[in-house]
Amino acid sequence: MTILVTGGAGYIGSHTIIELHKANHEVIVVDDLSNSSKESLKRVEEISGKQVKFYNFSVLNKDKLKGIFKTNKIDTVIHFAAFKAVGESVAFPLKYYHNNISGTVTLLEVMSEFNVKNIVFSSSATVYGDPARVPIDESFALSVTNPYGRTKLMMEEILQDVYRADNKWNIVILRYFNPVGAHKSGRIGEDPNGIPNNLMPFISQVAVGKLKELAVFGDDYNTVDGTGVRDYIHVVDLAYGHVSALKKITDNSGLNIYNLGTGKGYSVLETLHAFEAACGKKLKYKVAPRRAGDIASCYALPDKAKRELDWQATRNMEEMCIDAWRWQTNNPEGYKSGK
Ligand code: UD1
């Protein structure tokens, strides 16, 4: 199949392209490089030995987007392109609504015009808000606490409406838990702008000496050691989840929603200690106040994806840390580290 990957130069997108290539799909990428670099695609090509056709513009550019559909026979779209920083979304909500919501609506309009009605959508466990209990299954109530999360939930709802109006669409919504780790080659990985917001990239930068110490946001949660518990999933497992979703799409199966997680929760301190084992150093940390909007525990019940997509995560925390560490040491400045 020919797959259009929006946001394909990003962290999850780049890993997904490798899995798509392995499964013999042709890949076309559209990405405005607002939070990614072309270097990632160069390295994807080097890893998979296959070419990626690349268009450098935003999905908001309707005319140019139509051009892609005119010149290529697209079977399915995997839609990653979106802004994703929670704090920034609180400060600049309109930037988030414009890019994420208008971008998705534009993409869906163009797909509709060219009669391409298959889409895999990149959603997030953030749509569960503060869950009533764990593990979380797909039927849990949805609620969000910030504009970023609201865009993910709205995009899910837009897709539901599109499907209700025309059931020829085939839609898979994937709710990711916490993607971490990197490709085994150490050539592609997560490359956050500035100081990382998320735990694993922050720990990696402490380990490589770029940051002094980890601030653990709260040690008084009702969890195993008082620190926040999350379901960290290796990005390569997550990437492969998209290949499994594509198989579902060819089944003409309508609209389906799946959690992609491991089903296991790790606390901040457990994650830190796993990383220490991977990098062979003790890492400095201090306990800091809770971060606004954080919840105690969040982990998936991933059984539906196992049952219906025949997918499950196979890489454990040790592998996540070893792979994240390899990427960090080989590329201390991310893609700017050069060849
Ligand atoms: C965060 C976002 C979530 C988004 C996801 C994308 C917030 C509130 N939530 O999820 O909406 O979908 O990233 O990847 O930003 N922690 C520390 N010190 C740090 C960083 C994190 O102790 O420097 C703790 C957090 O309190 C949390 C855990 O580590 O308990 C994981 O944090 P993070 O990696 O930011 O992910 P989430 O908060 O789960």
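Here are some notes:
- Selected residue (only one of ILE188, ILE257 is in a loop (DSSP other than H, G, I, E, B), open to solvent by less than 30 Å² (accessible area, probe 1.4 Å), more than 9 Å from the ligand (Cβ to nearest atom) and at negative phi): ILE188
- Qualifying residue in segment 110-119 (condition: touching a residue at least 40 places away in the same chain (Cβ under 8 Å), within 16 Å of the ligand (Cβ to nearest atom) and crowded, with 17+ Cβ neighbours inside 10 Å): no
- Selection of segment 196-253 for residues being assigned to a loop (DSSP other than H, G, I, E, B), open to solvent by less than 10 Å² (accessible area, probe 1.4 Å), more than 8 Å from the ligand (Cβ to nearest atom) and in contact with a Gly (Cβ under 7 Å, 6 or more places away or on another chain) yields only ASP231.
- Residue within segment 94-112 that is among the acidic types (Asp, Glu) and farther than 30 Å from GLY67 by Cα present: no
- Hits in segment 139-174 (condition: in contact (Cβ under 8 Å) with a residue 24 or more places away in the chain and away from the ligand (no atom under 16 Å from the Cβ)): ILE158, LEU159, GLN160, VAL162, TYR163, ASP166, ASN167, LYS168, TRP169, ASN170, ILE171, VAL172
- When segment 281-304 is limited to residues that are in a loop (DSSP other than H, G, I, E, B) and more than 9 Å from the ligand (Cβ to nearest atom), the one that is most open to solvent (accessible area, probe 1.4 Å) turns out to be LYS282.
- Of everything listed in (1) part of a strand (DSSP E or B); (2) surrounded by fewer than 20 Cβ atoms within 10 Å (Cβ to Cβ); (3) not aliphatic (A, V, I, L, M), the single unmet condition for ASP161 is (1).
- Just so you know, in segment 175-185 the residues that are of a type outside the set (A, V, I, L, M) and either within 11 Å of the ligand (Cβ to nearest atom) or in a helix (DSSP H, G or I) (or both) include one that is farthest from ARG326 (Cα to Cα), and it is ARG175.
- Residues satisfying the stated conditions in segment 260-280, i.e. open to solvent by 40 Å² or more (accessible area, probe 1.4 Å), farther than 13 Å from PRO302 by Cβ, touching an Asp or Glu at 6+ places or on another chain (Cβ under 9 Å) and of a type outside the set (Gly, Ala, Ser): TYR266, GLU270
The values are calculated or read from the model by the stated rules, or taken from the named source; none is laboratory data. Quick caveat: nothing in here was measured; it's all calculated off a predicted structure. Every residue, glycine as well, gets a Cβ built from its backbone with ideal geometry; the counts of neighbours run over all protein chains shown. Side chains included, ligands, DNA and RNA excluded: accessible areas come from the protein's heavy atoms. Shrake-Rupley method; radii C 1.70, N 1.55, O 1.52, S 1.80 Å.
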